[in-house]
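This report concerns only the one structure given below.
Only the coordinates and a few stated rules stand behind these numbers; no lab work does. Computed from a predicted model, the values in this text were never measured in an experiment. Virtual Cβ from ideal backbone geometry, glycine too; neighbours counted across all protein chains shown.
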Amino acid sequence: MRGYAGMADGEVDLDTERGRQVWTLMKRRSIGFSFAYMIPAGGAFKRADGIREIHKLDVFAVTATGSPREFILPAIAKGTKWKLFVDSAADSPKDVYPQQDGPAPPRSGKLTLDYRSLMVFVEV
């Protein structure tokens with residue numbers, strides 16, 4: 001990512017057993033984060049060397065997780081045509097769709113991301 005980083009903020013409820021467990025995992029750096037985002041039209045371009053460079057993305061979920069997590073597409077994203085671009089949990093050749101011709105999100109709008117995985121959809 002050439003020196004760029006993302007940042008999210010949230011709270012951990014330390015008054016619950018689960019909150020204390022999550023806090024301990026975070027302090028040990030043994031918890032993963034799943035990000036769900038989409039690249040809007042015009043949010044990326046293909047460089048002369050063939051690499052696609054993303055300069056804008058819409059993040060709609062960040063979750064600390066040690067197991068698969070279900071996400072639901074936000075209402076604003078449901079009216080747009082999206083195609084899968086990257087799925088870091090999938091095996092090749094279904095992990096990257098360089099022609100932006102991957103499958104659309106499920107009609108239900110529900111996506112399941114594995115632990116420490118990433119799915120990127122692009123607007124077509």
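Structure above, values below:
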{"read-out": "Residue in the range 62-73 that is under 20 Å from residue 45 (Cα atoms) and either in contact with a strand residue (DSSP E or B) (Cβ under 7 Å, 6 or more places away or on another chain) or not charged (D, E, K, R) (or both) present", "value": "no"}
{"read-out": "Condition met for residue 78 (under 24 Å from residue 42 (Cβ atoms) and among the charged types (D, E, K, R))", "value": "yes"}
{"read-out": "Filter pass, residue 86 being farther than 28 Å from residue 22 by Cβ and of a type in the set (Val, Ile, Thr)", "value": "no"}
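Residue-wise test of (1) among the hydrophobic types (A, V, I, L, M, F, W, C); (2) in contact (Cβ under 8 Å) with a residue 60 or more places away in the chain.
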residue	(1), (2)
86	yes, no
107	no, no
112	no, no
121	yes, yes
